[in-house]
Each structure stands twice: as structure tokens, then as C-alpha cells.
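Engineer: Can you keep this structure in mind? I'll have questions shortly.
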Amino acid sequence: MSTIYIHWPFCLSKCHYCDFSSIPLNGSIDFDLWVALYNKIILRILNDFYKDESITSIYFGGGTPSLLPPSFVAEILNLIDDACDVEKEAEITLEVNPLTINLRDAKRFKAAGINRLSIGVQSIIDADLKMLGRIHGAYEAKNCVLEMSEVFNNISIDLIYNRPGQRLEAWIDELHEALLLPIQHVSLYELIVEDGTAMKRMIESGELPRPSEGSEFIETTWMIAENCHFHRYEVSNFSKPGFVGRHNLSYWKYEDYYGIGPGAHSRIKLNGRKVAIEQAKDIGDWISFASNDEPFELIELTESEEFDERLIMGLRAEIGIDIDIVKIDRNKMQFLLKNSYIMLRDSRMSLTNDGLLKLNLIVEYLSGKRDENIIKQ
Ligand SMILES: C[S@@+](CC[C@H](N)C(=O)[O-])C[C@H]1O[C@@H](n2cnc3c(N)ncnc32)[C@H](O)[C@@H]1O
Ligand code: SF4
């Protein structure tokens, strides 16, 4: 089983907090050229690496792939369908930025094969959306969800919390209101102030306050989501029964994936070892790579890199890791168990709530980069 990720790198403008591989649209796009390049790379990557396994999920992410014409998405999905064994029930997601989709296009995307939307709502407070540098207000975000729910019955929204100056009481109200929207899934991300972003500069210059520290926001968020019947199956992902996101789940299970587009990564098992393929992030470099049939650059992961990746991906999720496959030092496991940071069920090890709050430290401890003192602090 494996999945396919298609990365569309363009957005209408750059949000203040975002360090994803995305650039603001400047001028018009030659969609015919772009679809031809994507088709070429999809066929090449499948031709070189696909082993007839079934494809359980296809994800159009970005950037803002809802800026693509539905015919573009249809062409890519038809090509993938012809080239490989896409499961009948495969999850096919489109990331959507409010204001970049209307009902007519939504129906066309659905006809093209999209069966799940992930909408970047981020906040439902106008002033906060402005601070985040979003192109839409709260009304547009909520209206987008309502409109899309007329067409799709599998909708996820993204929200960002612990924003500069945000008070916990205000977030509690906002989250309750957002969870009443007609959605089946929600991704709740604690803000990360990334280096090189406009938000980092605004915080450093004193224009914005620093987000609060400590775990109060995160623990309250988890509690509210569960109380509103969204089950947490990963650090930031919550679903109504039957709506776990299959695409991300496959990353956490460390299954193979084929990434296509500028800056997209792949992880593919070759001769018993995981191999990474990273495509050029720079748009010009990627176009030249795709146009000139330049070879894929394969990076074979070392045993310890693969071990670290399995830990980082698996421990985020409720499903955890299989300790028959990921060999964990028994003494370290005892220490984590004694301190209630992990749970063991059959051969699976996963983190408790206390463990999840120390996710990065536990990963570093298990991979030998830190000793147990770092966790005790
Ligand atoms: C690639 S974006 C996809 C959605 C779409 N491009 C949009 O913004 O509407 C994925 C999600 O990651 C989250 N995200 C991006 N940067 C973040 C940051 N610095 N801190 C926390 N969450 C972030 C946002 O919620 C965003 O919707
Ligand atoms: S729309 Fe999404 S991908 Fe684009 S800049 Fe904003 S958060 Fe980043």
C-alpha cells in the first residue's frame, strides 16, 4: 500500500507564519505547461519505482491547489488511475484556501474524483486572520465550509492556536464555535514561529507579543476536541468516527509515498531499504528537471535515519510504533513506562498524554541524542 502526494506551490499571497514550500502567484500561469510537466514526472516516478501495490490515498497539497482548474486535477487523476491500481475507496483530498473555490468548481472537483477537502480556516476571528496574513475574513472562512458541505461529506478544517496575544478563554470560545461547523475532521496546530517568516520578524521587533509558553493551550485544546466528539488520533488531528485521515495515517505508519512537484519528497522501499527522493524546491530548477528528464536523485537512508523517521512519525500517532520492527532499548522503555510516558499494547508502543507533551524530547532520548535527564526536567 502506498500514497501519492501532488504539491502545487503557488498561493495568492504568503501568510505571515508560513514556511511551507509556497510562493505568491506573480502573473498568470501556463496551466497546459504545468499539467504536462506533472504528468511527465508522475509517469517517470511510477515507471521507475511503482511495484503494483494499491494506492490508498492521493493528496493535492500546497501551496494552494484549490487555485488549480478542476480539469487539471481531473487530468492528473485519470493519468494516475490508468497508471496504477488506485483503490476503489481511495481517499482523494484537495487542500482549499477559502476565497479560492466556488460551488461550481467544487462540483467539478468532485466529478474529477476529489472526495475530501481540507480547508485552511486558521481562525474565525477577523483581527486574528489579519494578523496571520490570511486573504480571507471569518465570514468567508465559515461560509466556505458551509458551501462546501453542500457538495462534500468529508471535510476537514485547519485551525492555528496559541497565536500572539491570544487569550485562552477566547480560544476556548472560538474552538467551540468552529467545531459546530459541518465538518468531520479537524487539524488543530499550535503556532510554530518559524525562522525567516514575517511573523518571526514582527515578534522580534515587538510589533506582536510572543505566544505563551507551557502546555495549557495544548491540553485545553485536546480536552475540548474530545468533549465535542472529535477523537484525537494524532498530536494535531481529530476525527469523528470513521473519518480518520488515511493519507496522514499512512505517513505515520511509515508506508511508501510518491511525492510530485517542486519541493515534494518521496519515501520508497527499494531492496529492503527506504530511499528518499527530494525534488528541487526552486520553481525554475524544478521546471528544468522535469522538462529535461533529469534523473531522480536517490538518497538511501541509513539504518539510524530510518529508525529516527519511524520514531518521529509513529510516536505522533495513537497507533504508535511496532516494537518488533523498531527495536527500542529495553532500559529506555522501562524508564518511559515507569514514568507513564508510554503505553504498550501487544507489540505496539504509543505515547500517553504526558508523553505526547514531550514528544520531541522522547524521540531524541530513544534515538540516543539525549539522556533521560532531559525528560525529567
Ligand atoms: C500547507 S498549509 C495548507 C492549507 C492552505 N494552503 C491554506 O493555508 O489555506 C497546511 C496547514 O499547516 C498549518 N500551518 C502552516 N504553518 C504553520 C505554523 N507556522 N504553525 C502552525 N501551523 C501551521 C496551517 O493550519 C495550514 O493550513
Ligand atoms: S495559503 Fe497555505 S501554503 Fe499558502 S502561504 Fe498561506 S498557509 Fe502557506
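The values are calculated or read from the model by the stated rules, or taken from the named source; none is laboratory data. All of these numbers come straight from a predicted model, not from anything done at the bench. When we count neighbours, we look across all protein chains shown, and the Cβ atoms used for this are built from the backbone with ideal geometry, even at glycine.
Engineer: Within the range 202-218, can you find the residues that are hydroxyl-bearing (Ser, Thr, Tyr) and surrounded by 14 or more Cβ atoms within 10 Å (Cβ to Cβ)?
Structural biologist: In the first step, residues of the range 202-218 are kept if they are hydroxyl-bearing (Ser, Thr, Tyr); the result is 205, 212, 215.
Of everything in the range 202-218, those that are hydroxyl-bearing (Ser, Thr, Tyr) and surrounded by 14 or more Cβ atoms within 10 Å (Cβ to Cβ) turn out to be Ser212, Ser215.
For (1) modelled with pLDDT of 95 or more; (2) more than 24 Å from Leu168 (Cβ to Cβ), each residue gets a yes or a no:
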{"residue": "Pro209", "(1), (2)": "yes, no"}
{"residue": "Ser215", "(1), (2)": "no, no"}
{"residue": "Gly245", "(1), (2)": "yes, yes"}
{"residue": "Leu249", "(1), (2)": "no, yes"}
{"residue": "Trp252", "(1), (2)": "no, yes"}
{"residue": "Gly259", "(1), (2)": "yes, yes"}
{"residue": "Gly272", "(1), (2)": "no, yes"}
{"residue": "Ile283", "(1), (2)": "no, yes"}
{"residue": "Pro295", "(1), (2)": "no, yes"}
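Engineer: Please specify each residue of the range 268-293 satisfying the condition of being surrounded by 16 or more Cβ atoms within 10 Å (Cβ to Cβ) and in contact (Cβ under 8 Å) with a residue 24 or more places away in the chain.
Structural biologist: Listed by number, the residues that qualify are Ile268, Lys274, Val275, Ala276, Ile277, Gln279, Trp286, Ala290.
Engineer: If I go through the range 329-363 residue by residue, how many of them are small (Gly, Ala, Ser) and either part of a loop (DSSP other than H, G, I, E, B) or assigned by TED's automatic domain parsing to the domain that holds Gly214 (or both)?
Structural biologist: 2
Engineer: Could you look through the range 297-308, keep only residues that are of a type outside the set (A, V, I, L, M, F, W, C) and in a loop (DSSP other than H, G, I, E, B), and pick out the one that is modelled with the highest pLDDT? Full working, then the answer.
Structural biologist: Taking the range 297-308 first, the residues of a type outside the set (A, V, I, L, M, F, W, C) are 297, 300, 302-306, 308.
Checking which are in a loop (DSSP other than H, G, I, E, B) leaves us with 297, 302.
Numbers: Glu297: 91, Thr302: 94.
Only one residue tops the list, namely Thr302.
Engineer: When Leu188 is evaluated against the numbered criteria (1) in a strand (DSSP E or B); (2) out of contact with any strand residue (DSSP E or B) (no Cβ under 8 Å at 6 or more places or on another chain), which criterion, by number, is the only one it fails?
Structural biologist: It is condition (2) that Leu188 fails.
Engineer: Moving on to the next point. Among the residues of the range 177-184, is any touching a Phe, Trp or Tyr at 6+ places or on another chain (Cβ under 7 Å) and on the phi < 0 side of the Ramachandran plot?
Structural biologist: yes
Engineer: Something else: Let me confirm something: among Val326, Val363, which residue is buried (at least 16 other Cβ atoms within 10 Å of the Cβ), free of Cβ contacts under 8 Å to residues at least 40 places away in the same chain and closer than 21 Å to Trp252 by Cβ? Let's see the steps before the verdict.
Structural biologist: Details: Val363 fails: free of Cβ contacts under 8 Å to residues at least 40 places away in the same chain.
Only one candidate passes the filter, namely Val326.
Engineer: Can you list residue pairs whose Cβ atoms sit under 9 Å apart, with the first residue in the range 116-139 being on the phi > 0 side of the Ramachandran plot and within 11 Å of ligand 1 (Cβ to nearest atom) and the second being part of a helix (DSSP H, G or I) and not β-branched (Val, Ile, Thr)? Count only pairs 6 or more apart in sequence or on different chains.
Structural biologist: Listed pairs, sorted by first residue: Gln122/Asp128; Gln122/Leu129; Gln122/Leu132; Gln122/Ala141; Gly133/Ala198; Gly133/Met199.
Engineer: Hey, does the range 151-163 have a residue that's in the same structural domain as Phe217 (by TED's automatic domain parsing) and in a helix (DSSP H, G or I)? Give the steps one after another, and end with the answer.
Structural biologist: In the first step, residues of the range 151-163 are kept if they are in the same structural domain as Phe217 (by TED's automatic domain parsing); the result is 151-163.
Applying the additional criterion that residues be in a helix (DSSP H, G or I) yields none.
For the range 151-163, residues in the same structural domain as Phe217 (by TED's automatic domain parsing) and in a helix (DSSP H, G or I): absent.
Engineer: Can you tell me which of (1) within 16 Å of ligand 1 (Cβ to nearest atom); (2) at pLDDT below 95; (3) within 26 Å of Trp252 (Cα to Cα) is the one Pro24 doesn't meet?
Structural biologist: The failed condition is (3).
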